[in-house]
Amino acid sequence: MQLDFFKYQGTGNDFIIIDNRAKTFKREELQLVAQLCDRRFGIGADGLMLLQNAQGYDFEMVYYNSDGRESSMCGNGGRCIVEFARILGLVKEKAFFLATDGEHEALVKPGFISLRMNNVSKVEMGASYAFLNTGSPHYVAFVNDIEHYNVFEKGREIRYNDRFSAEGTNVNFVEKHYNDLFVRTYERGVENETYSCGTGVTAAALVASLKNVATADDYCDIKTLGGKLQVKFKKHHDNSFTDIWLEGPATFVYRGEVNI
């Protein structure tokens, strides 16, 4: 059987997207997802998304990590699938869709998507780390000399420690530069560093705000290996956050067919 697919990337975080409104792709085909995401034996991607019909919404987003497991929210993936929906003619200037962590709204410009993330009511602040959920769980640590930091080794060590090994966590290393935060992320499910992580840079921006090192009171400019993003937010006196938006490019790469 031939499967049509579309390749998108958001600041280097790359995805296979399938228009699954006809339900031709079965959600339980986990081995196939891993095969398609394999960079040597498949198409290659950090994850795979299905765009499906959902009553009361423009579409539903179903997200898989590259290991084949259906996963939690992906911020860059959410922005890319909104751009895909725009190309399909499903949305215009706004999108309203369903994901694993609930409803999401997006403001749409060609190639540039502003995605509303879920509110964050609690951030665990440790002596050398922070832990929070921005649609996916994130461990955030500020480090020095991030360009030469061993993200794979240190991230894997934290992801598989006694606390996180069962469910896993994404691990974000952050360094404050003059005009922005430089964020590098080890992603669970990919089990490697990715060029960018949308929920990860969101987590880093909120923690930076709590540490008073964000770019401004209500936003933070982010640099990743794959490009630049911005996170906007409202911080409240109880250190909770609402009105959180992840903004940046979402780019079509190519369309193809694969035999499955």
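Every read-out reported here was derived from the displayed coordinates using simple, explicitly stated rules and does not represent laboratory data. Just so it is clear, the model here is predicted, and its values are computed rather than measured. When we count neighbours, we look across all protein chains shown, and the Cβ atoms used for this are built from the backbone with ideal geometry, even at glycine.
For the reader, a short list of remarks on this structure follows.
- Multiplying the residue separation of Glu147 and Phe41 by 0.36 nm and subtracting their alpha-carbon distance yields 35.1 nm.
- Among 201-208, 181-188, 6-13, sorting by the average number of other beta carbon atoms lying within 10 angstrom of each residue, highest first, gives 201-208, 181-188, 6-13.
- Shown for Phe173, Phe41: other C-beta atoms within 10 Å of each C-beta, ranked fewest to most, produce the order Phe41, Phe173.
- About the centre of its Cα atoms, region 126-166 shows a dipole size close to 180 debye [charges on the beta carbon of Lys, Arg (+1) and Asp, Glu (-1) only; nearest 20 debye].
- Farthest toward the positive end of the dipole of the chain, out of Asn170, Ile260, Ala22, is the Cα of Ala22, where the dipole comes from beta carbon charges about the Cα centre.
- Looking at region 78-147, the GluC sites (Glu not before Pro) that sit in a DSSP loop and have at most 14 other Cβ atoms within 10 Å of their own Cβ are Glu93.
- Computed Rg/Rh of the chain, alpha carbon atoms with Kirkwood Rh: 0.95
- For Lys26, a cut-off of 22 angstrom between C-alpha atoms picks up these lysines, skipping any fewer than 8 places away in its own chain: Lys7.
- Ranked Ser114, Ser196, Ser136, criterion: other C-beta atoms within 10 Å, fewest first: Ser114, Ser136, Ser196
- In this simple spin-label approximation, His177 and Glu29 carry label points 7 Å from Cα along the Cα→Cβ vector, and these lie 4.1 nm apart.
- Taking 20 Å as the straight-line reach from the Cα of Lys122, the lysines in range (excluding those fewer than 8 positions away in the same chain) are Lys211, Lys232, Lys234, Lys235.
- Sorted by Cβ neighbour density within 10 Å, fewest at the top, the residues His177, His104, His138: His177, His104, His138
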